[in-house]
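Please read the structure below before turning to the comments.
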Amino acid sequence: MLEAIEATIEPDGTVRLHEPVRLRGTRRAVVIILEDGVAATETALLSEQALAADWDRVEEDAAWAHLQRAR
């Protein structure tokens with residue numbers, strides 16, 4: 001299961017999670033460092049146009065058609 005959790009990284013590399021996390025064991029994680037002052041929602045909106053060029057294609061629609069609700 002993938003889960004996104006907001007965190008702050010201090011200049012010394014210390015990672016401070018913004019909410020508690022309970023795990024049953026050690027897990028791998030991917031850290032994406034965002035520009036200072038740019039909210040994650042702004043980043044998503046800024047990437048929308050670039051991603052749309054790839055997503056808004058007939059091939060993509062066909063690939064995901066099985067997840068569409070029958071009408």
Filter region 1-17 for residues that are part of a loop (DSSP other than H, G, I, E, B) and small (Gly, Ala, Ser); which is nearest to Asp36 (Cα to Cα)?
-> Gly13
State whether one or more residues within region 30-45 are more than 19 Å from Leu2 (Cβ to Cβ), under 15 Å from the mean Cα position of the chain (by Cα) and in a helix (DSSP H, G or I).
-> yes
Taking region 49-64 only, how many residues are modelled with pLDDT under 80 and either polar (S, T, N, Q) or surrounded by 10 or more Cβ atoms within 10 Å (Cβ to Cβ) (or both)?
-> 1
Which of (1) on the phi > 0 side of the Ramachandran plot; (2) at pLDDT 85 or above is the odd one out, the single condition Gly37 does not satisfy?
-> (2)
Check region 18-37 and report whether any residue there is of a type in the set (S, T, N, Q) and surrounded by 10 or more Cβ atoms within 10 Å (Cβ to Cβ).
-> no
Single match in Arg16, Arg69, Arg24, Arg28 (criterion: in contact with a Ser or Thr (Cβ under 9 Å, 6 or more places away or on another chain) and basic (Lys, Arg)) = Arg16
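The values are calculated or read from the model by the stated rules, or taken from the named source; none is laboratory data. Worth saying up front: this structure is predicted, and the values here are computed from it rather than measured. All Cβ positions, glycine included, derive from the backbone under ideal geometry; neighbour counts span all protein chains shown.
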